[in-house]
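Single-structure report; data block below.
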Amino acid sequence: MEANVVQALVSVLIVSLILRQCGRALWYLVWRPYAVARWFREQGIQGPPYRLVVGSLPEFRRLLISGRGYALDAGCHDYASLVHPYFQKWASDYGRTFLYWFGPIPAICSTDMELVKQVLADRTHLFQKDYLNPKFEIIFGKGLIFANGDDWKRHRRVVHPIFNHEKLVSMSSITLECTQQMMERWFAKMKKGNGHQVEIDIARDFRELTVTVIGRMIYGKNYEDAWGVMQLLWEVQSLAISSFLDPPIPWFRYLPTSRNRRSRQLDKLATSKIMRLIHERVAKKDAEGGYGDDLLGLTVQAWSDTGTLSIDEIIGECKTFLGAGQDSTANLLAWAMFLLSSYPEWQEKVREEVLRECPTSNVVHIVDDLGKLKMLNMTLLETLRLYNPVAFVMRMTARDTTVANIRVPKGTAITIPIAMLHRDQDVWGADSNEFNPMRFENGSWRAANHPNALLSFSYGPRACIGQNFAMIEAQTVIAILLKRFSFSLSPRYIHKPTNNLTLIPKYGLPLIVKTLLDDGRAV
C-alpha cells in the first residue's frame, strides 16, 4: 500500500515537472515572442514575422544562399548584399529600425546614430555582451571581450598593462622582425622566378605574420605554441559559422551532433595546450624571477599571487587575444593592401610619404616616425570604414529600458550593422561607397556628420582595448613593405568579401608583388 502511494506521488511529481517545463517552453517559444512583437508594433516598429522556434533564421538562410553565386566588381565596395543581405532587405522594407528574431530571441537592428550612441556609450552595464552562439565561447573564452559588469572591470585591470607604451614599442620591434622574415621569404620566391616579381596570396601571409606577432605578445618565448592553439580555434571558427543559423535554444548545444562533439573535442585540446603553458610558468617562476611580462605572465600572476583571475579566465584571455587580436589585424592589413593595389595613385602617395618621413634604410627607425605618416593613417581609417573587420555588433538588454524613445524589454538583442552605418549617405555624404581617404584629413571625429560615426573599434567604455596595438602593427607592416615593393591585383583575384566572424576575402587576396630600389623606383 505504502509503495503504491510513493509511486503515485513520484508520478504526480514527474507530471508536474513536465507540465512546468512545457509551460516555460510555451511561454518562451510562443507567448512571449507574440507579446513582444505586439509591444514593438504599437511603437511603430515592425519587421519579418516570428516563426515558431526558428524566428527569422529561415529568411536569414534563404537570403544568404541567394547571394552565394555572384561576386562584386573589384571597384565596388558595397558588400552588404553579400555579407548581411537580410539586414539590407529588412531596412529597405521596414525602415532604419526594425525587429527581427534570432530564434525566439527578439532583436532590434538600427542605423539610428542616436540609438547607437546611447547603447555604446552606456556605463551602467545595461547593454551587455552575449555570445548567443555557444561555439563563440570556445573561440574567445571567458575573457575581457565578452565579460560584463564587475567581471569586465576586473579583467581590464589585469590586461590593461599589456597595452602600455613600453609594450607597444616592444610589439613594434617584434612586428619589424617578423615582417623582415616575411620579406625574405618573398625574395626567395622571386629568385625562383624572374627575380623581380611574384604572385603572393597576401591574406594568407598576413595571417601567418599576425599569428606570430600576437603569439609572441601572449606567450613570449613559447610563441610557437600559438600556432597549435590558433589552428584549433580556426576549426572551431568554421564550425561556429556553419552553426550560425542553429536556433539559440539553451539545450541545443548539448545535442550529440557531429559539430557539437567536434567543438567540445577542439576546446579540450586548446585548453590542454594553454594549461601546459600555465603550469610551466608557475614551475619556472623561481628560476626566471617571475612569470614573465607577456600576457600569459600577467594573467598567471593575477591568478597565482592575488587570485584576481581564475584558471578558466586565464585560458579565456589567451584565447581572446589570440583569436580576436590576430584575426582583426590580419584582415585590416589585407583590405588595406587590396585598396592600395586597386588605387595605385594612393599607393604612390603613401609610398612617397614613407620614403620622405622614413628616409633611412634602417627599418628600425620607422617605429619612431609612424606618427608622421598622415597619408598612411588616413588610408587605414578609410580601410576600416569600407572593410571593417566586424560587420555588426550586438548587445543584450539586462533589464527593461528606453533607448532613443523606444521601450525595449529585458532580453532583447540590439544589433548595430556597422557595414551599413559606414555607408550611410546621411552620415558620410554622397560618396559613402567610394574610397576617399581625404575624408579623414582632419581626423575621424570630423570625417562625417556625426563625431562617433567610425565604429571600427567601437567607442565608449567598451571600445577595443587593442586598437592602438592593431593600428601600430598595421602602420609598421605597410610602411616597411611599401619601401621595398609595389603591389597590384592579380587577374586571378575574385572580389567576394565574406563574413567569417571577421570580414575576409573569400578566395584569398593574390597580388602581384614587384621589388623596388631603395628610392622607391622600379628595378
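Table for the structure above
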| read-out | value |
| --- | --- |
| Search result, residues across the stretch 113-136 that are of a type in the set (D, E, K, R), surrounded by fewer than 20 Cβ atoms within 10 Å (Cβ to Cβ) and over 25 Å from residue 31 (Cβ atoms) | 114, 117, 122, 123, 129 |
| Any hit, the stretch 212-232, residues being polar (S, T, N, Q), more than 22 Å from the chain's Cα centre (by Cα), crowded, with 16+ Cβ neighbours inside 10 Å and modelled with pLDDT under 80 | yes |
| Qualifying residue in the stretch 178-199 (condition: touching a Pro at 6+ places or on another chain (Cβ under 6 Å) and touching a residue at least 24 places away in the same chain (Cβ under 8 Å)) | yes |
| Qualifying residue in the stretch 202-210 (condition: among the hydrophobic types (A, V, I, L, M, F, W, C) and surrounded by fewer than 21 Cβ atoms within 10 Å (Cβ to Cβ)) | no |
| Residue in the stretch 397-415 that is of a type in the set (D, E, K, R) and free of Cβ contacts under 8 Å to residues at least 24 places away in the same chain present | yes |
| Test: residue 184 is within 30 Å of residue 200 (Cβ to Cβ), modelled with pLDDT of 90 or more, charged (D, E, K, R) and surrounded by fewer than 16 Cβ atoms within 10 Å (Cβ to Cβ) | yes |
| Extreme residue, modelled with the lowest pLDDT, among residues of the stretch 354-379 that are surrounded by fewer than 19 Cβ atoms within 10 Å (Cβ to Cβ) and either acidic (Asp, Glu) or not in a helix (DSSP H, G or I) (or both) | 361 |
| Test for residue 442: is it within 27 Å of the chain's Cα centre (by Cα), within 29 Å of residue 494 (Cβ to Cβ) and at pLDDT below 95 | no |
| Residue among 218, 162, 174 that alone is assigned to a helix (DSSP H, G or I), more than 25 Å from residue 507 (Cβ to Cβ), among the β-branched types (Val, Ile, Thr) and without any contact (Cβ under 8 Å) to a residue 60 or more places away in the chain | 174 |
| Within the stretch 396-492, strands (runs of 3 or more DSSP E) holding 3 or more residues that are under 30 Å from residue 209 (Cα atoms) | 485-489 |
| Those residues of the stretch 152-167 which are of a type outside the set (Phe, Trp, Tyr) and surrounded by 16 or more Cβ atoms within 10 Å (Cβ to Cβ), in sequence order | 154, 155, 158, 159, 162, 167 |
| Any hit, the stretch 54-75, residues being modelled with pLDDT of 95 or more, outside any helix (DSSP H, G or I) and of a type in the set (Val, Ile, Thr) | no |
| Criterion: in a loop (DSSP other than H, G, I, E, B), farther than 22 Å from residue 502 by Cα and either charged (D, E, K, R) or in contact with a helix residue (DSSP H, G or I) (Cβ under 7 Å, 6 or more places away or on another chain) (or both) - qualifying residue of 130, 122, 150 | 122 |
| Unique match (being surrounded by fewer than 17 Cβ atoms within 10 Å (Cβ to Cβ) and either within 18 Å of the chain's Cα centre (by Cα) or small (Gly, Ala, Ser) (or both)) among 95, 103 | 95 |
| Test: residue 149 is touching a strand residue (DSSP E or B) at 6+ places or on another chain (Cβ under 8 Å), surrounded by fewer than 19 Cβ atoms within 10 Å (Cβ to Cβ) and modelled with pLDDT of 75 or more | yes |
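The values are calculated or read from the model by the stated rules, or taken from the named source; none is laboratory data. All of these numbers come straight from a predicted model, not from anything done at the bench. Don't worry about glycine lacking a Cβ; one is built from the backbone with ideal geometry, like all the others, and counts go over all protein chains shown.
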